[in-house]
Structure formats: structure tokens, C-alpha cells
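Peer 1: Let me begin by handing over the structure; questions about it come next.
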Amino acid sequence: MSAMVMVGAGHAAGQAAATLRQAGYEGELIILGDESHPPYQRPPLSKQYLSGEHGLEKVYLRPEKFYADRNIDLRTDTSVIKIDPANKSVTTSGGNTIDYEKLLIATGSRPRKLGIEGSDLEGVHYLRTIADVDVISTAMKSATNVCIVGGGYIGLEVASVAVVSGLQVNVLEMEERILQRVTTPEMSEFYHDLHTGRGVAIHVNTACSGFEGDGHVERVVCGETSIDTDLVIVGIGIIPNTELASDAGLTCDNGIVVDDHCVTSDPNIFAAGDCTNHPNPILDRRLRLESVPNAMEQARTAAANMAGGDKSYAAVPWFWSDQYELKLQMVGFSSDGDVQVVRGNKATNKFAVFYISNGAIVAVDAINSPREFMIAKQLYGKQVDVSQLADVNFDLKNLLQK
Ligand SMILES: Cc1cc2nc3c(=O)[nH]c(=O)nc-3n(C[C@H](O)[C@H](O)[C@H](O)COP(=O)(O)OP(=O)(O)OC[C@H]3O[C@@H](n4cnc5c(N)ncnc54)[C@H](O)[C@@H]3O)c2cc1C
């Protein structure tokens, strides 16, 4: 019997392999990943791993021994260059051909690159992998200034680590506010004030037009002005890794198109994680998400179905971001709401903003408020009395009993 094969060794593949073994699948299980590490968590890369608080052992999803103990054939430094759906095989860059019974594509995504002058200078970095952070954290030790291009969650997390470690930090954002793509003007303003209060210089409406330096970056050019810097970290979004799938003839459209069972347009090929465009029956639309909960849950779904099960993926999207001592936990999309209800006091850095549409909760942003986050997750789509949400003396748990 040929194997269950996973392409990519990230969150989704690591979880899918573990789920298959937990479910009692005893056949051959092969993970092919092009990085040098076993499946690992990316969130700490811009947080605790960058700050030095966590070592590699805390970043790995599971200890390396886990795979050997369960007879999971984990092949790192192995890039898949071709999928042949007709012959049910994949080819690696080393020239090996591996047959599969079922295939999981979990190739994730890669950073969107800047195509401006000077982008190839030393000292201009992107942050996606352990290898990237190892280089960045060494560079941060000898730097005085760091310039972060892109005021999204990753850029702002890096800004918080950098400013706390004593660097002068500039954040360049081409839109009129940071986090514009992902949150409301009010939350953007909250984070803007938080960062500037800690000493980060944020430049909005500022497009970076080039980098200058003699071999190594020395200046970031923004039109007529420039900012001196020792180090640049670019965080301007990601591109899903769909090329293997599209070259194999699978349907792709802003991600590898899968159904609610994580099946691609080929019934023997599944896909999970950042690389997919999937239906969300709760939100009633297709999504491409860049989040750990999505990668993990899709992986569990794909694994169950690869083993012959009948599991659908239907979850309300959620995400988190850690900046300084603030943990932001989000459920749903704030853009789906037309009314905002604030619970708590923003000035204390402990509050939640509920987003309501037609009387029902459709999203929450909870800052240092894990209880509100947990309850909002369960109340998603339910009708609520907004005066109760806003009243900190009202126990939200009462709403769960309805
Ligand atoms: C710095 C950073 C911080 C983040 N913070 C958060 C957070 O706070 N909360 C949150 O929910 N999410 C966060 N994310 C997003 C989250 O990490 C991703 O959504 C998640 O890793 C997706 O998992 P995945 O398995 O789909 O892809 P990945 O984890 O990207 O794994 C895919 C793997 O496949 C490999 N691969 C690609 N092509 C091939 C090939 N042809 N052959 C072999 N291997 C291949 C890739 O190199 C990679 O190792 C963060 C991401 C980054 C980069």
C-alpha cells in the first residue's frame, strides 16, 4: 500500500500527521518539508523567540522524538518540485519519486517581497522562518536603529520587541493608519497611541521607495525624505504557496480551492492551512486565512477525511497578537459589524470591543480580556442586549445560559 504524504512540514502538516496516528492510521506516513526543522510554531518568531524569551524547544510543535516514536517519516531539507496526480506521485528536488495513496498539500505561504531599488542590500530582511529570525536577532544586537516596513501585526510585534530591547524604531505604513487592512479606525488609533507612547516612531501615508547603502542598508528612502537605519524588516503581507498545486492542474483562486472536507479539485489530494481558499458555512463565504487555528483545524479535518472519515470544517475564525504586555484576541471580522460596544476602559489596556450586526455578535477584539474572548467565541451569531455587553458589572456568562 502506498503512503499518506504531506508536502510542507509546518503547522498544518505536523497536526495532520499527529491526527492520523491518533486516529489509529498505521500505514506509511511521510512528511516532506523544505526547511531544516521539524514542524514548528511561527507566532513566537515575531514575539518570544525574537526577544530571546523562548528557545527552539518551545517553538517546535512537538519534540523531534515524537515523529520517530510514531513511525512518521519526517524528511526535512526536502523540497517537492512536482505533483503528478495521474500517477499519484510527487517528485523531490533530490530526484526521488514518492507514490501516495492520499496527498496533503500544506505548503503555507511566503512573504510578499518589495521590488524597489536596493531591496537586495544586506540588512534588508523578511520574517517567516526560524532561519530568518536567527539572522535578524543577531543583527539587532549590533544595531541602533531599525526600520520596519509595514504596520501590520507582524511589523508591530517586531516593533514592540525591538523598542523594548533598546533600539530606535521607525515603522513605515503606506496607508493612512496602521492595521488598516485588518481592524477598525478605533483599534488602529489605540495601537498607534500604544506604540508611540513606548517610543516607536510611526510614519503613516509613507511609502518606502528604495533602500540606499554601500553593500549594507544605511537609509530607507520615502520619496523626497529618507531615514537612517542599520536594519530593515519588511512585513507587507504574504502570498500563498499554490504553484505546485496549479502546475498539477488543481483549481486555484487566491489559494488552493478546497471544499468543506479540505478536498481539492482532485479527490485524492487534500490541502490545509495558509495555502487554501475554503468555504466557511458559518460566515457563508469563502476565505483564505493566515492563522494557526485555521491551519490546525483544517489539518484535523483533512486528516480525518484522508483516513476515510466524513468531517466538515466549520469554525469561526480567530487570531491573536502579542505586543508589549498586551494580548489581543480576535474572533470574527470587525468589518462585519455595524455597531461597536466597548466593555471596560481603554485607558487600562483591559477592554473588549464587541461588533454587532442585526443585533447579533459578529466579532470581538479583546485586549487582556481572555474571558470576554472565550464568551464571545461561544456567543458568535447570537442575539444580545448591547447594554448588558457594555455593563462590566453584568456577568457575560449569564448570556451563555440562554
Ligand atoms: C512571524 C509570524 C507570526 C505569526 N503570528 C501569528 C499569531 O500570532 N497568531 C496566528 O494565529 N497566526 C500567526 N501567524 C500565522 C501562522 O503562523 C500561519 O498561519 C501558520 O503557520 C500556517 O500554517 P501552515 O502549515 O499552513 O503553513 P507554514 O507554517 O508556513 O508551513 C508550510 C511549510 O511548507 C514548506 N513548503 C512550502 N513549499 C514546499 C515544497 N514545495 N516542498 C516542501 N516544503 C514546502 C514551507 O517552507 C513551510 O515550512 C504568524 C506567522 C508569522 C510568519
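The values are calculated or read from the model by the stated rules, or taken from the named source; none is laboratory data. All figures in this text were calculated on a predicted structure; none of them were measured in a lab. All Cβ positions, even for glycine, are placed from backbone atoms using ideal geometry, and neighbour counts span all protein chains on display.
Peer 1: Kindly establish whether Ala352 is part of a helix (DSSP H, G or I) and surrounded by 18 or more Cβ atoms within 10 Å (Cβ to Cβ).
Peer 2: no
Peer 1: Is it the case that region 164-174 has a residue that's touching a residue at least 12 places away in the same chain (Cβ under 8 Å) and within 14 Å of the ligand (Cβ to nearest atom)?
Peer 2: No, the conditions are met nowhere in region 164-174.
Peer 1: Oh, and also: For residues that are more than 13 Å from the ligand (Cβ to nearest atom) and either basic (Lys, Arg) or in the same structural domain as Val182 (by TED's automatic domain parsing) (or both), scanning just region 270-302, find the one that is surrounded by the fewest Cβ atoms within 10 Å (Cβ to Cβ).
Peer 2: Arg285
Peer 1: Next up: Please work out which residue is farthest from the ligand (Cβ to nearest atom), limiting yourself to region 6-60 and to residues that are free of Cβ contacts under 8 Å to residues at least 40 places away in the same chain, closer than 27 Å to Met306 by Cα and crowded, with 18+ Cβ neighbours inside 10 Å.
Peer 2: Checked region 6-60; the qualifying residue farthest from the ligand (Cβ to nearest atom) is Pro38.
Peer 1: Taking region 206-244 as the region of interest, how many residues are within 16 Å of the ligand (Cβ to nearest atom), surrounded by fewer than 16 Cβ atoms within 10 Å (Cβ to Cβ) and in contact (Cβ under 8 Å) with a residue 12 or more places away in the chain?
Peer 2: 2
Peer 1: Checking the conditions here, which among Glu53, Glu26, Glu35 is assigned to a loop (DSSP other than H, G, I, E, B) and over 23 Å from the mean Cα position of the chain (by Cα)?
Peer 2: Glu26
Peer 1: With among the hydroxyl-bearing types (Ser, Thr, Tyr), exposed (fewer than 14 other Cβ atoms within 10 Å of the Cβ) and without any contact (Cβ under 8 Å) to a residue 24 or more places away in the chain as the only criterion, which of Thr144, Thr138 stands out?
Peer 2: Exactly one residue qualifies, and that residue is Thr138.
Peer 1: Report the residue count in region 71-95 for those that are over 24 Å from Cys262 (Cα atoms) and either more than 15 Å from the ligand (Cβ to nearest atom) or without any contact (Cβ under 8 Å) to a residue 12 or more places away in the chain (or both).
Peer 2: Of the residues in region 71-95, 2 are over 24 Å from Cys262 (Cα atoms) and either more than 15 Å from the ligand (Cβ to nearest atom) or without any contact (Cβ under 8 Å) to a residue 12 or more places away in the chain (or both).
Peer 1: Among the residues of region 201-221, is any of a type outside the set (A, V, I, L, M, F, W, C) and modelled with pLDDT under 95?
Peer 2: no
Peer 1: Just checking, which of Ile256, Ile236, Ile282 is within 16 Å of the chain's Cα centre (by Cα) and either of a type outside the set (D, E, K, R) or modelled with pLDDT of 95 or more (or both)?
Peer 2: Within the list Ile256, Ile236, Ile282, the selection yields Ile236.
Peer 1: Taking region 314-345 as the region of interest, how many residues are within 16 Å of the ligand (Cβ to nearest atom), more than 17 Å from Gly151 (Cα to Cα), assigned to a loop (DSSP other than H, G, I, E, B) and not aliphatic (A, V, I, L, M)?
Peer 2: 3
Peer 1: Return yes or no: is Gly308 on the phi > 0 side of the Ramachandran plot, surrounded by 15 or more Cβ atoms within 10 Å (Cβ to Cβ) and away from the ligand (no atom under 14 Å from the Cβ)?
Peer 2: no
Peer 1: For region 75-133, give me each residue that is closer than 27 Å to Val292 by Cβ and among the small types (Gly, Ala, Ser).
Peer 2: Result: Ser79, Ala106, Gly108, Ser109, Ala131.
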